[in-house]
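To start, the structure under review is shown below, and the notes come after it.
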Amino acid sequence: MTAETGIADRPNSGSLSGLRVLEVGHIIGGPFCGHLFADHGAEVIKIEPPGKGDPMRTWGGLYKGIGLYWTIIGRGKKSVELDLRTSTGQSAFRDLARTADVIVENFRPGTMERWGLGPDVLQDLNPGLIMVRVTGFGQAGPYRDRAGFGSVAEAMSGFRHLSGEPGRPPVRVGISIGDALAATQGFIGALMALWARDNPAGLGRGQVVDVALYEAVWMYMESTIAEYEKLGRIRQPTGALLPGVAPSNVYPTSDGQWIIVGANQDSVFSRLARLIGRTEWLGSDSTYLTHTGRGDGQAELDAAIAAWSGQLTAASALAQLADAGVPAGPIYKADDIASDPHYAAREMIIDVPEPGLGGELVPMPGVVPKLNVTPGVVRRGAPRLGEHTDDILSGLRSAQTSSRAAISAEGVDYDVAAR
């Protein structure tokens, strides 16, 4: 990367260089998956409704008319305007599919099939094609045809039930976590399908990666169903703590801040006890020597730690905890992250020139994970709507007519399955 920006100075770098991905996704469920491909070197061609583009272009925090999340989720991609409701647009897309390794889409089930763009058609044209399909409830099952946003998936996976404080209504996390989890699962599934296609003992052909939003959240819900079936217990919201996991909570400081401490492992707990002067917790007759015992005494432990931290500033408490080898950290806001030297040292805030803002730099998260030989990079900012339409469509077989014939002047309002 250059010293001034987060843009890569090696145009073909990244582990996925050489892959072509067609993203027919809108909002988050599909585009976040495409974003991961682009960050790691794949050529991602984003198909957008003519004249309108992805709604994310103008959603969320707007700066000079551009959605700031769009600058992140659209970075590194190419934009092609194509009306998939028209025969010309469908023909152009089929020709694009012949050249692609992966298609990512997040329409309701059956939409691509109605357009003549389902996997049966596209994989007949390109047997190696992998199709990632992100929907609310999957390609099969009684809820298949329901619309489903990430918020619904968070609710129906049990995630929202566990969010918030006891006795209070469920709350949402302040980000679209369900959509991002599903998109990440789609990305992982595509990588597995690519390996299954290309490894020496592989299939030699593509397959469909079926991702349901609710399932992507559900798989992170730990042992909730086992506890219900085997223990007759339904987990309830518990605020900042996990019942039985102690000490692991947020604690106040004298300067009005909060810090988080995780000392529920035996040796770490011993270090914390010595640090705060509670060596009696380590005596041979102490009930706190085991994980279960500490869980039973959670309230007492939390009260003692809060009494200790409440006499110190956040900086002082965190310094002492770090010196003692106790995992702890501050509760960061955006301004804290912006000034943290560790984020800077690991290039986790990068400045990317935004084409829609005349090249003005926009700060955004860096690329993860970090590979030491073929690291991911941001190769360009988010594209202008239709910026690459002529260049990409002009090389297609269907471009015997004008490439612009594939674009509807009226625009299109696609029925999105998953956010």
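Taken together, the values in this text are just the output of simple stated rules run on the coordinates, not laboratory data. Given the structure is predicted, the values throughout are model-derived calculations rather than measurements. Reconstructed Cβ throughout: ideal geometry from the backbone, glycine too, with neighbour counts over all protein chains shown.
Using only the C-alpha atoms, the convex hull of the chain corresponds to 189 Å³ per residue.
Per-residue packing, averaged as other Cβ atoms within 10 Å, sorts the ranges 333-344, 13-24 into the order 13-24, 333-344, beginning with the highest. Less than 5 angstrom separates the built amide H of I349 from those of G366, all sequence-distant by 5 or more or on a different chain.
Per residue, the chain reaches -9000 deg cm²/dmol at 222 nm when only DSSP H runs of four or more residues are counted, each adding -39500 (n - 2.57). Computed over the chain, relative contact order equals 25 percent, with contacts defined as Cα pairs under 8 Å that lie 6+ residues apart. Estimated at 0.36 nm per residue, the fully extended path between A226 and V250 surpasses their Cα-Cα distance by 5.9 nm. Candidates G325, I66, S87 compared by Cα position along the dipole of the chain: farthest toward the positive end lies S87, with charges placed on Cβ. The order of the peptides 382-390, 178-186 by mean Cβ neighbours within 10 Å, most packed first, is 178-186, 382-390. Bridging of K370 to lysines at a Cα separation below 25 Å is possible for K46, K77, K78, K333, once same-chain residues fewer than 8 apart are set aside. Converting phi to 3J(HN,Hα) with the Karplus coefficients 6.51, -1.76 and 1.60 and the offset θ = phi - 60°, the stretch 387-392 yields 4, 10, 4, 5, 4, 7 Hz in sequence order, with x at every glycine or proline. The packing ranking, built from the mean of other Cβ atoms within 10 Å per residue, places the peptides 246-254, 57-65, 44-52 in the order 44-52, 246-254, 57-65, highest first. Annotation: the residues L396, L203, sorted from fewest to most other C-beta atoms within 10 Å of their own C-beta, follow the order L203, L396. Across all Cα pairs in the stretch 248-332, the calculated P(r) in 10 Å bins from zero up to the longest distance comes to 19, 56, 23, 2 percent per bin. Restricting to DSSP loop positions (anything but H, G, I, E, B) with no more than 14 other Cβ atoms inside 10 Å of their own Cβ, which trypsin sites (Lys or Arg not before Pro) remain in the stretch 255-284? Passing sites in the stretch 255-284 do not exist. Measuring between their Cα centroids, the stretch 305-330 and the stretch 14-90 lie 44 Å from each other.
Spatially, the stretch 103-123 and the stretch 353-377 are offset by 31 Å when compared through their Cα centroids. Placing R0 at 60 angstrom, the Cβ-Cβ distance between L241 and N199 gives a FRET efficiency of 0.85 after rounding to 0.05. Restricting the stretch 126-223 to chymotrypsin sites (Phe, Trp or Tyr not before Pro) that sit in a DSSP loop and have at most 16 other Cβ atoms within 10 Å of their own Cβ leaves Y143, Y220.
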